[in-house]
Amino acid sequence: MDINTNIAVSEVQVLSGSSIHRDPYVEYKNTSSKTYKYVHFSFIPYNAVGDTVADKPSSIKATGPEEPGLGPDMAYKLYKDNVWRDNTIDHIVIDSIRIEYMDGSEELLDGDAINKAHEQYKAV
């Protein structure tokens, strides 16, 4: 994915944590020139027919420090267990990403540009 932001998201999935749980998984790179302190990902889950599971939005947070400039085959990975107790969740989209930097600055990114680089993020 090639989006002109300070983060490059390479993968977003919904993983089956158990027969009833669905869990978000994200791979991303710090493409800024600054170190991340925290990265907050907000997701909107959808069922198999494309309806939002409106009462189930969720956010997960990565805790740094996460340095910029990882190698080409390396990415930060974030997974959170037992997020949604709803086995109808089929895929998710990123609603927003909020990056907090070690220098105290923050950046809020709308998920639309990031989501356009991918088709729907399907459950696996």
Highest GNM mean-square fluctuation among V83, V49, V26, for the chain with Cα springs under 10 Å, belongs to V49
Evaluate the relative contact order of the chain (contact order divided by residue number), counting alpha-carbon pairs under 8 angstrom at least 6 apart; express in whole percent. 33 percent
Treating only Lys and Arg (+1) and Asp and Glu (-1) as charged, each at its beta carbon, one finds that the chain has a dipole about its Cα centre, in Debye to the nearest 20, of 240 debye
Run the dipole for the stretch 14-63 about the Cα centre, Lys and Arg Cβ at +1, Asp and Glu Cβ at -1, nothing else charged, and hand back the magnitude in debye, nearest 20. 340 debye
Could I have the simple spin-label model distance between E27 and Y79, label points 7 Å from Cα toward Cβ, reported in nm to one decimal? 1.2 nm
In nm, spacing of pseudo-spin labels at A113 and T52 (7 Å Cα→C-beta vector): 2.2 nm
Proportion of all alpha-carbon pairs of the stretch 39-119 beyond 18 Å (%): 52 percent
Rounded to a whole %, the carbon-and-sulfur portion of the accessible area of the chain at a 1.4 Å probe is 46 percent
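The values are calculated or read from the model by the stated rules, or taken from the named source; none is laboratory data. Not measured: the values here are computed from a predicted model. Cβ coordinates were reconstructed from backbone atoms using ideal geometry, including for glycine residues, and neighbour counts include every protein chain displayed. Each accessible area value is taken on the protein alone, full model and side chains, heavy atoms only, with ligands, DNA and RNA left out. Shrake-Rupley method; radii C 1.70, N 1.55, O 1.52, S 1.80 Å.
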